[in-house]
Amino acid sequence: MWRRQAATMTLTPAQLDAFAATQSIDPAFAAFYRFARQSGIPLYVVSDGMDAYISRILAHHGFPEAPLRTNKLILSADGRLQVEFPYYEHSCGHCANCKGYHVRHERRPGETTVFIGDGKSDLCGARAADIVFAKKQLIGLCEEENIACIPFRSFADVQRDLENRL
Ligand SMILES: [Zn+2]
């Protein structure tokens, strides 16, 4: 469906930049990102959305180098869109880009994996991680499956908790 729709839509890089500039992120993410970097904790931005706007939103807020694990939206020179799902072969069958796969794939022996999320597309990631920070819809979804999660309001809460564990 997405594929068919995308073929008839056009979008320019300037339009994507303008969209990205209107999107806000958690103000505490900057400090959290620095904390992860300085602590040697690999951090990935995992989304069932598209790289073309997620990378622009992150760049707009000062994180152009944040590693992404997302679907791909390719803009051709004439403005037409093409969508690719590079991780679909690893899907659980419900996600286009299953976050559970990325948690399992990026895990190194002896490491503790931490997953931070808020919605339905985060459930597979929560199932696969050792420590889960949840807000909004994800809290209830974790409770339904008896997945232990730590409710959080902002990345400052997550940072404080992880600092205490290190
Ligand atoms: Zn999944």
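Nothing in this text is a laboratory measurement; each read-out follows from the coordinates by a stated rule. Computed from a prediction, not measured in an experiment: that's the story for all the values here. FYI the Cβ positions are ideal-geometry reconstructions off the backbone, even for glycines, and counts take in every protein chain you see.
Rounded to the nearest 20, the size of the Cβ-charge dipole of the chain about its Cα centre is 140 debye, with Lys and Arg at +1 and Asp and Glu at -1.
Taking every Cα-Cα distance in the range 48-126 and sorting them into 10 Å bins starting at zero, the pair-distance distribution P(r) comes out as 17, 41, 34, 7, 1 percent. Shown for 34, 108: other C-beta atoms within 10 Å of each C-beta, ranked fewest to most, produce the order 108, 34.
Packing, taken as the mean count of other beta carbons within 10 Å per residue, orders the peptides 150-160, 50-60, 70-80 from highest to lowest as 50-60, 150-160, 70-80.
Within the chain, the ratio Rg/Rh, alpha carbon atoms throughout and Rh by Kirkwood, equals 0.98. Relative to 2.2 N^0.38 Å, what does the C-alpha radius of gyration of the range 82-166 come to as a ratio? Two decimals please. So the range 82-166 has a normalised radius of gyration of 1.13.
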